[in-house]
Every structure is written in C-alpha cells, then in structure tokens.
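Here, each number is a calculation from the coordinates, and none is a lab measurement. Quick caveat: nothing in here was measured; it's all calculated off a predicted structure. Cβ sites come from the backbone with ideal geometry, for glycine too, and all protein chains shown count toward neighbours.
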Amino acid sequence: MKLPKIIWNVPTILSFSRVVLIPIFIYFLSRKTFDGCLIALIVFIFASFTDMLDGWSARKLKQESEFGAFIDPLADKCLVISAIIAIIILDSGFEIFDMWMIFIIAGRDFLLTYMRMLAIKKNKQLRTSRLGKIKTAFQMISIVIIIMIYMAKRGKIFAAHESIPYWIMLAVTIFTAISGIRYLYTNWELFIPTKIQQKNQQKKEKI
C-alpha cells in the first residue's frame, strides 16, 4: 500500500510539531505539580492550536497536498491518544481495568487510519462528517479541563471530586465510539474487495 509522498512545507511542519511536543507534554504532566501541570497545559493548548493553524496555512499558502491531508489527522490522533494514556496511567483515580477506554479510543483511530489508507489505495475519498471534527474538539477540550482540575487541586485552589476526570474520560470514550461507528456506516464500501466492486459495477452497466 503506497502512502502519499512526504512534502515538507509549512502545514506539514506544523503537523509534525504536534508529535514532537508529545514527550514534552507527558514529562511535565508526570511531575504532578502545579507548575508541571501549567506547562503541560500550555504545551497541549499550543499543540492543539497548530491543528487549526496547519489547515489555515495550507489554504492560505496554497500548500494543500495529499500527504498533508493524511498526516494532519494522524498527528491529532497521536497527540490526543498520548494525552489520554498519560492521564489514565498517572491519575490514581483510574484503575488498571480502565484501560479499556484507551483501547476503544485508540482502536477507533487506528481503524480510521486504516480506512484512510484503503481510500488512498482505491483512489477514493474517505467520507468525513462534522461529527469527526466535533469529536476531536471534544477530546481536546476534555483533556484541557482535566489538566485544569489537576492544577486547581495541586495549587490548592479547590479540590474537585476524584471521580470527575473518570466521568469526563468516559464521556470522551462514548462519543469517540459513536464517531467511529458513524465513519464505518458511511464508508463500509471501502472494505469490499476491488474485484467484487468491479464485478458489481459491470453488472450495473449491463443493466
């Protein structure tokens, strides 16, 4: 399966910057201090901002490319999944069996990446929806809220109940799963072998 050729331009660099910022975010979040959470929050917000900036720069600078369309959502997935994994592992309010949330969120994103690769292979367009964009925004906002809760607790501003991050993450998991089901419903034809699709097309033409 041939992937799009890498094209280095401003949008691509912005997309890759999100991946580069992941270990920095995790490092400061793992310090479990007010300052550490503050820096992690700033890093995450900046990384999330590049998601809007790379799309805008691609259109503004006329640097839209097939590779950019592939790497942009992939960088989003890496950022969000890494943040969610870090939160579930570092937060004592989560148990080991809560890892099922990660499997659903990551599984949905890996499936979508595979579907995007299938679309490229078959020279087809992956059908997207607003729900996917809303899902990404909801995930990022939820992560920001959870980090702010950590800051408030460690800065002794106020102490939210320990279960709040869990319920926020549960909502994220459910919404992500619904978004994945939506993508499967609208793009199910990608899983049909090319030969079968060609035979069906030939039958339609004969009719």
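Can you tell me the dipole magnitude for the chain around its Cα centre, using point charges on the Cβ only (Lys, Arg +1; Asp, Glu -1), in Debye to the nearest 20?
1060
Relative to the first principal axis of the alpha-carbon coordinates of the chain, what is the inclination of helix 130-154, with its axis defined by its Cα atoms, in degrees from 0 to 90 and to the nearest 10?
10
Between the stretch 110-173 and the stretch 1-76, what is the C-alpha centre distance in whole Å?
Measuring centre to centre over Cα atoms gives 15 Å.
If you plug each phi of the stretch 156-168 into the Karplus form 6.51 cos²θ - 1.76 cosθ + 1.60 with θ = phi - 60°, what whole-Hz ³J(HN,Hα) values come out, in order, with x for Gly and Pro?
Coupling constants for the stretch 156-168: 6, 7, 7, 10, 6, 4, 4, 7, 4, x, 4, 5, 5 Hz.
Ranked by Cβ crowding within 10 angstrom, fewest neighbours first, how are M148, M52 ordered?
M52, M148
I need the shape label for the stretch 10-197. Rule: rounded when a/c is under 1.5, else prolate if a/b > b/c, else oblate, with a, b, c from the alpha carbon gyration tensor.
It comes out oblate by the Cα gyration axes.
Mind sorting K156, K60 by how few other Cβ atoms lie within 10 Å of their own Cβ, fewest first? Walk me through the intermediate numbers first.
Values: K156 8, K60 11.
Listing K156, K60 from fewest to most nearby Cβ atoms yields K156, K60.
For E66 and S30 in one chain, what is 0.36 nm times their gap in residues minus the Cα-Cα distance, to one decimal in nm?
That pair, E66 and S30, stretches by 9.4 nm at full extension.
Per-residue HN-Hα couplings for the stretch 17-30, Karplus 6.51 cos²θ - 1.76 cosθ + 1.60 at θ = phi - 60°, whole Hz, x for Gly and Pro?
4, 5, 5, 5, 7, 4, x, 5, 4, 5, 4, 6, 5, 5
Could you list F46, F191 in order of exposure, starting from the residue whose Cβ has the fewest other Cβ atoms within 10 Å?
Listed from fewest to most nearby Cβ atoms, that is F191, F46.
For I134 and F191, calculate 0.36 nm times their separation in residues minus their Cα-Cα distance, and state this gained length in nm to one decimal.
18.0 nm
Please name which of I81, I149, F70 has its Cα lying farthest along the dipole of the stretch 52-207 towards the positive end, using unit charges on Cβ (Lys, Arg +1; Asp, Glu -1) and the Cα centre as origin.
Working it through, the farthest residue towards the positive pole turns out to be F70.
On a 0 to 90 degree scale, rounded to 10, what angle separates helix 34-60 from the longest Cα axis of the chain?
30
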